[in-house]
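Let me begin by presenting the structure, written as structure tokens, before commenting on it.
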Amino acid sequence: MFKIAWRNIRRNKRRSFLSLLIISIGVGVLFLVNGYIAQTFEGLKGMAVAQYGNLQIAAEHFWDNDNQRHLLRRSDLKKVGQLLTVGKEVRSYTTSLGVNGIVGTEKVSTIAVGEGIEPGNSQMQNIMITSGTKILPGDIDKMLVGKGVMQKLGVKEGEWLSLMTTTLDGAYNAGSFQVSGSFSTGSTEADNVYVYLPVNATQSLLNTDGVDKVIVSLKNIQSTGSTAAWLKKQFAKNQLKLEIKTWSDLAQFYHQVRSLYEVIFYFMSIVVFFLALVSILEIMSMAFFERMNEIGTMRSIGTKRYQILALLTEEGFIIGFMGGIIGLLAGYGIGSLINQQHITYIPPSINHPVPLSFDLSLMNGIFPFIIVVLATLVSAFYPAIKASRLNIVEILRHK
């Protein structure tokens, strides 16, 4: 039966070619779209890990919006450090302390959202420097400012800025810092307000010896969930009232973009499914009327109804399978060609070009393949059922 189905496909070359073209285009387009979305997710995931670290550890209620500052105490920091030191998947960790205030010169000033970091730690490696240098170990009075902050204040590397803020007790305090360089977060809004300075200097400004959180970098992003679960057990065992969040918990933008792209992809999948379904159904229906005498002859020599049904369904499956394979190969070839061209574009909320690339792994092609092959099978099944149920005499009378 399979050989007969294959011969029928080869005999009706024009109809088979049109069917293969429709199917392969649908599969290829969905493959490329899915590959682009997967690559975008990986890029956003990398950006989120670079910004937040794999894990963040903070005092209880730190992430509650209660207008209170919940800091990690020295005693808690020491215990957390001991646990992280023995963690198998932990690559490094660092402390962070936020500070808000006004930064400026004698002539001009602007609002600043600052973060005190440990100079030279692994999290510093994720900062994209646009001019000057990073804050280095031993720097106690240096400041790294956002590209927009530097433009607003009109300062250059080596010049001095003043940062005024309030301590945790509500008193005013200020400090002078030398600009070491500028950086970009990828967002213009963030670059206009963000600054980095040494955590010791931030503690001095806020008059505290605590920190907001501990940022943990892991050897493998896949171990984020298991490491977070292990740390929670250790916190409970050591009676530490601490909270832990993963990069996924903190990266709201990542989940917003992911939800949007998933809706777009599934909508496109539905559209392609019905386009393939209607197109192949029309082609198969036309083929059915053209082959009425052939089907009648087969029935008259003893071919069973289920055999006619199986024959026509197999033809649809072969066309769908072949079209799906061709579509995957075409999508892979086009995607590889685009990847090699190093094309860049500027996506929303990003102020610098990013490469246009596709993740061409087989997993991203399975769903498009199944969707279109399923549409082909469904479209072939209806004419096949109709043909198998017709009366032999009526079929042979058909002209």
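Miscellaneous remarks
- With contacts taken as Cα pairs under 8 Å and at least 6 residues apart, region 61-240 reaches a relative contact order of 31 percent.
- Stretching the chain fully between N200 and W160 yields a gain of 12.6 nm (0.36 nm per residue, less the alpha carbon separation).
- Pairs of lysine residues in region 61-240 that meet both criteria, 8 or more places apart or on different chains and Cα atoms under 12 Å apart, total 5.
- Chymotrypsin sites (Phe, Trp or Tyr not before Pro) within region 35-70, DSSP loop, no more than 15 other Cβ atoms inside 10 Å: W63
- Ellipsoid fit via the Cα gyration tensor, the chain: semi-axes of 65, 23, 16 Å, each the root of five times an eigenvalue, largest first.
- Hypothetical label at H352: residues of region 143-166 whose amide nitrogen lies under 11 Å (7 Å Cα-Cβ projection): 147
- Calculated FRET value between F17 and L275, using beta carbons and R₀ = 25 Å, to 0.05: 0.90
- Each residue, W63 and K232, gets one label point 7 Å from its Cα in the Cβ direction; the gap between the two is 1.1 nm.
- Seen against the Cα atoms of the chain and their longest principal axis, helix 224-237 is set at about 50 degrees.
- Inter-probe distance in nm under a simple model that places probes 7 Å from Cα toward Cβ, at Q82 and T110: 4.5
- Straightening the chain between L362 and F41 buys 113.9 nm, computed as 0.36 nm per residue apart minus the Cα-Cα spacing.
- DSSP-defined beta bridges in the chain - what % are antiparallel, rounded to 5: 80
- For the chain, built as a Gaussian network whose Cα springs stay under 10 Å, the top-fluctuating residue of N67, N100, N200: N67
Values quoted throughout were computed directly from the atomic coordinates according to the rules given, and no laboratory measurement underlies them. Note that the structure is a prediction, hence the values are computed from the model and not measured. Counting neighbours? That spans all protein chains shown, and the Cβs are built from the backbone with ideal geometry, glycine included.
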